[in-house]
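Comments concern the structure below.
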Amino acid sequence: MKLLVVNPNTSAPMTAQIAAAARAVAAPGTTIVATQPDFGAASIEGHYDDAFAAAGVAQQARLHGAQVDGVVIACFGDPGLDAAREACTAPVIGIAEAAFHAASFLATGFSVVTTMTRTCVIAEHLLHKYGFERRCRGVHGTDIPVLELEAAGPALVTRIEAAARHALQHDRSGAIVLGCAGMADLAAQLQQRLGVPVIDGVAAAVKFAEGLAALGLHTSKQGDYARPLPKAYAGWAASLGFAPSAVGSSS
Ligand code: 5HY
């Protein structure tokens, strides 16, 4: 089985960090192909960054989606998720949606601890989009810039731990969802310290993608996730449109 793991930001060290976290949980026989777009923001910390991230995910899904059994979008805003599902028949899993599902299997209520406070609204929009607003009891920012997570030292881990402890008490929740792909490698130690389930969306998404692919399930091509309609694309996106013959085929 081959899984495409897309880091929608353009930080190569973070792509490597995400790939390592995905490979650490992938089943024997699962190959992880980690990519990032060749344009866009080094980190995604707001709506403007998110707009380019969504286009980057669409690009990577168009370029690589037909060669894989599953796709993981490794950014907590799940940018370009619906576009990638149109472009692919393989299951496409966003790390936020995966983490929300995993947390909901483990606790009646969970809290999200994320990076910049200004991105909390993006997570809140996703909670409503996916129907988890009744299960998530709070979204908390730490104002830790995403790229500082590339080299998360003890002090930074302690800041995230403190935010999680506050969330658990304030929200009366039973599990923590880590709100950034850059926190993937911190889940185990935070879980050990906090004594509650701490969900990393990268790991959860890899296991959900593996599971759906192993069941032989694919993204529906009936309705809004049907292949994009054929039309000309202009400029740098000229090669990313779908040709008439592509509709219904895998090319
Ligand atoms: C992420 N940004 O997972 C999000 C986190 C966030 O570049 N990778 C990013 O703050 O929304």
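Sparse packing (at most 16 other Cβ atoms within 10 Å of the Cβ) combined with a DSSP loop state is found for the following chymotrypsin sites (Phe, Trp or Tyr not before Pro) in region 202-247: Tyr233.
When the residues Tyr130, Tyr48 are ordered by accessible surface, computed with a 1.4 Å probe over the protein chains alone, the sequence from largest down reads Tyr48, Tyr130.
Give the peptides 110-121, 79-90, 153-164 in descending order of average Cβ contacts within 10 Å, highest first.
Numbers: 110-121: 21.7, 79-90: 23.2, 153-164: 15.2.
For the peptides 110-121, 79-90, 153-164, the packing ranking is 79-90, 110-121, 153-164.
As a length-normalised measure over Cα pairs under 8 Å and 6 or more apart, the relative contact order of the chain settles at 21 percent. Residues in region 3-16 carry Karplus couplings, in order, of 10, 8, 10, 9, 8, x, 8, 10, 8, 4, x, 6, 4, 5 Hz; the curve used is 6.51 cos²θ - 1.76 cosθ + 1.60 with θ = phi - 60°, and Gly or Pro positions show x. Computed from label points 7 Å out along Cα-Cβ, the spacing between Arg172 and Asp143 is 2.9 nm.
Rounded to the nearest whole Hz, the Karplus-based 3J(HN,Hα) values (6.51 cos²θ - 1.76 cosθ + 1.60, θ = phi - 60°) of region 68-77 follow the sequence 10, 9, x, 10, 10, 9, 9, 8, 5, x, with x at glycine and proline. Per-residue Karplus couplings for region 84-97, computed as 6.51 cos²θ - 1.76 cosθ + 1.60 with θ equal to phi - 60°, are listed in order as 5, 5, 5, 6, 10, 9, 4, x, 10, 10, x, 5, 5, 4 Hz, Gly and Pro entered as x.
Taking one quarter of the surface of the C-alpha convex hull of the chain gives a mean projected area of 12.8 nm². Near Thr219, the amide H atoms lying under 5 Å from its own belong to Ala90; only residues 5 or more places off or on other chains count, and H is placed 1.01 Å from N.
In the chain, helical runs assigned H by DSSP with n ≥ 4 each contribute -39500 (n - 2.57); averaged across all residues and rounded to the nearest 500, the mean residue ellipticity at 222 nm is -13000 deg cm²/dmol. Taking the accessible area of region 96-201, probe 1.4 Å, and keeping the other protein chains in place, the carbon and sulfur fraction comes to 53%.
Once Rh for region 78-211 is found with the Kirkwood sum over Cα pairs, what is the Stokes-Einstein diffusion coefficient at 25 °C and 0.890 mPa s, in µm²/s? Walk me through the numbers before you get to the answer.
Details: Rh = 14.8 Å.
Using the Kirkwood radius from Cα pairs, D works out to 165 µm²/s.
Between amide H atoms placed 1.01 Å from N, distances below 5 Å from Arg227 occur with Gly248, all of them 5 or more places distant or on a separate chain.
With semi-axes defined as the square roots of five times the eigenvalues of the C-alpha gyration tensor, the equivalent ellipsoid of region 105-160 measures 24, 13, 8 Å, largest first. Cross-link reach is defined here as a Cα-Cα straight distance under 24 Å, omitting same-chain residues fewer than 8 places apart; for Lys207 the lysines meeting it are Lys2, Lys129, Lys221.
The values are calculated or read from the model by the stated rules, or taken from the named source; none is laboratory data. Treat the numbers as computed from the prediction; the structure is a model and nothing was measured. So basically every Cβ, Gly included, is an ideal-geometry build from the backbone, and we count neighbours across all protein chains shown. Each accessible area value is taken on the protein alone, full model and side chains, heavy atoms only, with ligands, DNA and RNA left out. Shrake-Rupley method; radii C 1.70, N 1.55, O 1.52, S 1.80 Å.
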